[in-house]
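Novice: One structure coming up, written as structure tokens, with questions to follow.
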Amino acid sequence: MLYQVFQPHPQLAPYVRFFWSLEADVAPGEEFVHRSMADGCVEMVFHYRSAFDEITANERIEASPLASIQAQSTRPRRFVTGHSFGIFGIYLYPFAIPRLFSYPASDFSNISPDLGSIFGAEAALLDEQMLSAPNNLRRVGVANDFLLAKLRTSRRERSTVHRAVHAVIDAKGNINVANLAREHSLSTRQFERKFKEFAGLPPKLYSRIIRF
């Protein structure tokens, strides 16, 4: 198994934690099961070699898209494949969704839409470039180009609430929400509403997931 991490373009560093890739060979007749945990961040995931199926809570098998957004979540999930695979991921802070894609982060919580439903025709070109790239360094270039274009055309300014999300992550969830609200000169209710828009989850729940 080969796991690699790549740094984003410096202009994307406020929104992208890192890029990553995972490759593994699966012997004939065997299965590889991936378990994802509750997570406070967001991933754009591209399966460029084989695909995974999801094992649902009632043990049903459902096909997963080759390219999707795995958003901030409050529950674990299981995925399985019987083939050798390669995955490329873009690990984003949750406030990248409103800043780069112009959606509230809360619209994506606990869902994993395919990229076509979010970006339309743009997604088809992005998928083709990712799936046909000769190596992961080229995929890093494709990812940087796509996200930099989104950053240049975004009409939404970065909210100061992103600092609160960062503070929760940096403190590993051990932080007082009421103090954060005061630091942003907001009432607790106002802060919770703004935090959920940019982190996708209420601040107390988000803090618990980060601690976990």
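The values are calculated or read from the model by the stated rules, or taken from the named source; none is laboratory data. Owing to the predicted nature of the structure, the values given are computational and were not obtained by experimental measurement. Using ideal geometry, Cβ is built from the backbone for each residue, glycine included, and neighbour counts are taken over all protein chains shown. Note: areas computed on protein heavy atoms with side chains; ligands, DNA, RNA excluded. Shrake-Rupley method; radii C 1.70, N 1.55, O 1.52, S 1.80 Å.
Novice: From the list Arg60, Arg77, Arg99, which one is farther than 30 Å from Thr160 by Cα, within 15 Å of the chain's Cα centre (by Cα), modelled with pLDDT under 95 and not small (Gly, Ala, Ser)?
Specialist: Arg77 is the lone residue from the list that is farther than 30 Å from Thr160 by Cα, within 15 Å of the chain's Cα centre (by Cα), modelled with pLDDT under 95 and not small (Gly, Ala, Ser).
Novice: Now, a different point. Pro134: of a type outside the set (A, V, I, L, M) and under 20 Å from the mean Cα position of the chain (by Cα), yes or no?
Specialist: no
Novice: Moving on. Being open to solvent by 30 Å² or more (accessible area, probe 1.4 Å) and farther than 16 Å from Asp127 by Cβ is the filter here, so list the residues in segment 61-83 that pass it.
Specialist: Matches in segment 61-83: Ile61, Glu62, Thr74, Arg75, Pro76, Arg77, Arg78, Gly82, His83.
Novice: Right, here's the next one. Restricting the search to segment 79-99, which residues are touching a residue at least 60 places away in the same chain (Cβ under 8 Å) and under 14 Å from Glu43 (Cβ atoms)?
Specialist: Answer for segment 79-99, where residues must be touching a residue at least 60 places away in the same chain (Cβ under 8 Å) and under 14 Å from Glu43 (Cβ atoms): Ile87, Phe88, Gly89, Ile90, Tyr91, Leu92, Tyr93, Pro94, Ala96, Ile97.
Novice: Inspect segment 53-60 for any residue being of a type outside the set (Lys, Arg) and either open to solvent by less than 10 Å² (accessible area, probe 1.4 Å) or under 19 Å from Arg139 (Cβ atoms) (or both) and give the result as yes or no.
Specialist: So far as segment 53-60 goes, no, none of its residues is of a type outside the set (Lys, Arg) and either open to solvent by less than 10 Å² (accessible area, probe 1.4 Å) or under 19 Å from Arg139 (Cβ atoms) (or both).
Novice: What tally of residues in segment 152-205 results from selecting those that are crowded, with 16+ Cβ neighbours inside 10 Å, more than 18 Å from the chain's Cα centre (by Cα), among the hydrophobic types (A, V, I, L, M, F, W, C) and not in a helix (DSSP H, G or I)?
Specialist: So the answer is 2.
Novice: Of (1) open to solvent by 20 Å² or more (accessible area, probe 1.4 Å); (2) closer than 21 Å to Gly116 by Cα; (3) in contact (Cβ under 8 Å) with a residue 60 or more places away in the chain, Phe19 satisfies all except one. Which?
Specialist: (1)
Novice: Here are the criteria: (1) more than 17 Å from the chain's Cα centre (by Cα); (2) surrounded by 16 or more Cβ atoms within 10 Å (Cβ to Cβ). Tell me which single one Ala121 does not satisfy.
Specialist: Tallying (1) more than 17 Å from the chain's Cα centre (by Cα); (2) surrounded by 16 or more Cβ atoms within 10 Å (Cβ to Cβ), Ala121 fails exactly one: (2).
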